[in-house]
Amino acid sequence: MLAGCAASATPAAAPREHPTIVSLNPCTDAIVADVADRAQILAISHYSQDPRSTSMDLATARSLHATGGSAEEVLELHPDLVLASSFTAPSTLAAYRRLGLRVETFGIASTVEESEAQVRRIAALTGHPARGSALAQRIAKAAKLVGGKPITAALWQPGGIVPGAGTLISDLLGRAGFTSYSAERGMGQGAYLSLEQVVAHPPQVLLVAGSARGQHHPVLRQLNHTTIAPFAPNLLYCGGPTIIRAMTRLRALRSQAAAS
């Protein structure tokens, strides 16, 4: 009886309402920063703190802890959830899981719809599905098809290459009212577009995302009927909120080209 009247043992700590997170990919970094509470984010990838590769606001990225992605660094943070790329080495993923960490992997979205699905999935994992739905709706609104006669555009990526069909940036170009200059010439993903080709057969719009000498050659200024404009490389590869910024830029460029 006395034992029954004694104070009960201290209860175990209640589980956290929302999981703590380490994100190891700049694309998931940007989504997590949008849908999760700041206190949940233990670390993002170091790529997001590099102006050349970030897909999120640089000041926000630099205000968060970053990791190089090694198992030792991640384990030290004791996250409830690790968001990794599907291209992460299998041995690294296995190491995380052996250490008892929950790991979720994400591939590269190739369409707006795939990106919306990733946003919703990540938001659900963070415990904030409503925020994911709100972000997905903003993405869908930004990515609505632009009407009017399509304008031919060449996207000159870093290294002088062009995007192929089945890539997110190609989907965005089409939604913004552009047709693909490179696809019209049978050029696939990663094909090299030379300065000579551009000069011999100028597109209506030339979007320059690379910094090679040929991509900024003075002869390009002689293409009087081509609208030439810079396009930030960090708008090329990630979905999520990056789509909104990319479509804002593409819509503005299309309006500029249509008016010229």
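Given (1) surrounded by 14 or more Cβ atoms within 10 Å (Cβ to Cβ); (2) more than 19 Å from T179 (Cβ to Cβ); (3) polar (S, T, N, Q), identify the lone condition not met by N224. Among (1) surrounded by 14 or more Cβ atoms within 10 Å (Cβ to Cβ); (2) more than 19 Å from T179 (Cβ to Cβ); (3) polar (S, T, N, Q), N224 violates only (1). Here A209 clears all of (1) more than 22 Å from L173 (Cα to Cα); (2) of a type in the set (G, A, S); (3) in contact (Cβ under 8 Å) with a residue 40 or more places away in the chain except the condition numbered (1).
Quick check on my filter: what residues within the range 174-205 are touching a residue at least 60 places away in the same chain (Cβ under 8 Å) and farther than 19 Å from S260 by Cβ? R175, the sole residue that qualifies.
Identification of helices (runs of 4 or more DSSP H) wholly contained in the range 153-207 with 3 or more residues that are assigned by the TED database to the domain that holds R251 and farther than 21 Å from M247 by Cβ yields 195-200. With respect to the conditions (1) at pLDDT 90 or above; (2) of a type in the set (D, E, K, R); (3) open to solvent by 40 Å² or more (accessible area, probe 1.4 Å); (4) touching a helix residue (DSSP H, G or I) at 6+ places or on another chain (Cβ under 8 Å), D29 falls short on a single one, namely (3). Here A212 meets the list (1) touching a strand residue (DSSP E or B) at 6+ places or on another chain (Cβ under 8 Å); (2) open to solvent by 10 Å² or more (accessible area, probe 1.4 Å) almost entirely, failing just condition (1). Please indicate, with yes or no, whether at least one residue in the range 108-125 is surrounded by fewer than 19 Cβ atoms within 10 Å (Cβ to Cβ) and in contact with a His (Cβ under 9 Å, 6 or more places away or on another chain). Within the range 108-125, none of the residues are surrounded by fewer than 19 Cβ atoms within 10 Å (Cβ to Cβ) and in contact with a His (Cβ under 9 Å, 6 or more places away or on another chain).
The values are calculated or read from the model by the stated rules, or taken from the named source; none is laboratory data. Predicted, not measured: the structure shown is a model, and the values here were computed from it. Every residue, glycine among them, receives a Cβ derived from its backbone with ideal geometry; neighbour counts consider all protein chains shown. SASA here: full protein model, heavy atoms, side chains in, ligands and nucleic acids out. Shrake-Rupley method; radii C 1.70, N 1.55, O 1.52, S 1.80 Å.
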